[in-house]
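Step one of this worksheet: look at the structure below.
The values are calculated or read from the model by the stated rules, or taken from the named source; none is laboratory data. Note that this is a predicted model, so its numbers are computed, not measured. No Cβ is skipped: glycine too gets one built from the backbone with ideal geometry, and neighbour counts run over all protein chains shown.
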Amino acid sequence: MDRLTTVDTRSGAGYDISIPLRFNGVQPNAYGVSTAASTACEAGDLVGDTRRGGSCNFEQYTFIPHCNGTHTECVGHITHDRISVLDCLQDVFIRALLVSVEPERAADSSESYSVPFESDDLLITKRSLENSAASGSADGQALVIRTLPNDESKKGRSYGEDMIPPYFTSEAIQFIVQNGFSHLLVDVPSIDRLFDEGKLSNHRTFWNVESGSNAVKSDSRITSTVTELIYVPHHVTDGKYWLNLQIAPFAADATPSRPILFPVDVDLRPEGRTI
Ligand SMILES: [Zn+2]
């Protein structure tokens, strides 16, 4: 037990790999949707801003989980049935593997995707995952992928037609499923090409939903989740972790989330407490 480190989450001993959602501030964005905003509530004489004479602050927040920041989503993202991530995510502490991946130029790759590549596209390939030791499947239920380069501009980047982020090849997603990963966490806004004619082929492969279908099958991976728009700081090294995937309790297909990685040899008991 001597080698164990006592974790005090209040001091941040875990590694928070979410992007703080700064309402009205710098934030990531996909598809050029409205930015996440907060507005002080007003009702008659009441105002939810102490600076304007209110007794306390209470604000209305508007945001789009899929586009404005770190979020976790479930198969309900693509089904007519309104399946919620709150129901799907049953794991609290998850064995996880963090890998860094250098996306490949589409022109240099022999792998495939559901719509034609554009020459400038960058791909997260099966080959790059194999090279990064992500095939150590038995050691992880969650795969956390950090794309390189990893500059902090990811925390406020706007993705769209002029900034297509790297996306997974079909072979890469099949590889992740075949290696038994139930949860996939990525620092891009989608595991599919941002403009893919609406096919969401990688999402369907990941959850085992038929191409073009909006219904789950008996063997769909309904307890699996995808978390997008994370940011993994440089000092967090590749390897094995415990993942605490915290979500807001939204009964919705996607919800803001806060994934935290803990070293595998850490003692999670509160300091001073013995069992
Ligand atoms: Zn999403």
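Among the candidates Asp162, Asp187, Asp151, single out the residue that is free of Cβ contacts under 8 Å to residues at least 40 places away in the same chain, closer than 19 Å to Thr70 by Cβ and of a type in the set (Asp, Glu). Full working, then the answer.
Numbers: Asp162 fails: closer than 19 Å to Thr70 by Cβ; Asp187 fails: free of Cβ contacts under 8 Å to residues at least 40 places away in the same chain.
Of Asp162, Asp187, Asp151, the one residue that is free of Cβ contacts under 8 Å to residues at least 40 places away in the same chain, closer than 19 Å to Thr70 by Cβ and of a type in the set (Asp, Glu) is Asp151.
Against the numbered list (1) at pLDDT below 95; (2) surrounded by 13 or more Cβ atoms within 10 Å (Cβ to Cβ); (3) touching a strand residue (DSSP E or B) at 6+ places or on another chain (Cβ under 9 Å), Lys154 comes up short only at (1).
Only one of the numbered conditions (1) surrounded by fewer than 16 Cβ atoms within 10 Å (Cβ to Cβ); (2) within 15 Å of the ligand (Cβ to nearest atom) is violated by Val186, and that is (1). Taking segment 68-106 on its own, how many of its residues are within 17 Å of Leu243 (Cα to Cα) and either in a loop (DSSP other than H, G, I, E, B) or more than 16 Å from the ligand (Cβ to nearest atom) (or both)? Number satisfying all stated conditions: 13. Cβ-Cβ contacts under 9 Å between residues 6 or more apart (or on different chains), taken from a first residue in segment 55-74 that is of a type in the set (Val, Ile, Thr) to a second residue that is assigned to a loop (DSSP other than H, G, I, E, B) and within 10 Å of the ligand (Cβ to nearest atom), are listed as Thr70/Leu229.
One line per residue, one yes/no per condition, for (1) assigned to a strand (DSSP E or B); (2) of a type in the set (A, V, I, L, M); (3) more than 16 Å from the ligand (Cβ to nearest atom):
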| residue | (1), (2), (3) |
| --- | --- |
| Ser18 | no, no, no |
| Leu21 | no, yes, no |
| Asn24 | no, no, yes |
| Thr39 | yes, no, yes |
| Arg51 | no, no, yes |
| Cys56 | no, no, yes |
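Inside segment 222-236, can you point out the residues that are within 16 Å of the ligand (Cβ to nearest atom) and not β-branched (Val, Ile, Thr)? Listed by number, the residues that qualify are Ser224, Glu228, Leu229, Tyr231. Checked against the criterion of being surrounded by 21 or more Cβ atoms within 10 Å (Cβ to Cβ), under 30 Å from Asp151 (Cα atoms), hydrophobic (A, V, I, L, M, F, W, C) and within 15 Å of the ligand (Cβ to nearest atom), the candidates Phe181, Phe195, Phe206 yield just one match: Phe206.
Here is a yes/no grid of residues against (1) over 22 Å from Glu152 (Cα atoms); (2) buried (at least 18 other Cβ atoms within 10 Å of the Cβ):
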{"position": "Leu21", "(1), (2)": "no, yes"}
{"position": "Asn24", "(1), (2)": "no, no"}
{"position": "Thr35", "(1), (2)": "no, yes"}
{"position": "Gly53", "(1), (2)": "yes, no"}
{"position": "Tyr61", "(1), (2)": "yes, no"}
{"position": "Arg82", "(1), (2)": "yes, no"}
